[in-house]
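Let me begin by presenting the structure, written as structure tokens, before commenting on it.
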Amino acid sequence: MPIQPIDLQNLFMRISQIGKEQAQARDIAIQHQSVQNSEYAKEIAHHDRSVNETEELTDGPERTKDKEEGAAGKREEKKERKNDPGNPAEDNGRETEPLQDPFLGHHIDISG
């Protein structure tokens, strides 16, 4: 279907308006993102300035069960040590200090 001269006249008259509409359509996404960013920045600033309630930790790497299992685990370890006849740490009924390197922390290796 060929383009009629009247269609070209309408097209040329509206070309500036169509260009503005297309530019606005492209800018809407950018404006929407900037509005979301500013709202997020306000929320973070409010969160930093206010006193926040602490969240309870879940079981994960940041929470250990030392308090709950610590006493029971230590008792079991002591029983195992006393029952083990080949344990040199329990020779005279008292625990010996672990061996420590006297030069530990005194030598610094600065070569990459």
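The values are calculated or read from the model by the stated rules, or taken from the named source; none is laboratory data. Since this is a predicted model, take the numbers as computed values, not measurements. Cβ atoms come from the backbone with ideal geometry, glycine included; neighbour counts cover every protein chain shown.
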Query raised in the report: Has segment 43-56 got any residue that is assigned to a helix (DSSP H, G or I), closer than 30 Å to LEU8 by Cβ, modelled with pLDDT of 70 or more and β-branched (Val, Ile, Thr)?
Result: no
Report summary line: Exactly one of ILE6, ILE18, ILE30 is of a type in the set (A, V, I, L, M, F, W, C) and surrounded by 10 or more Cβ atoms within 10 Å (Cβ to Cβ), and that residue is ILE18
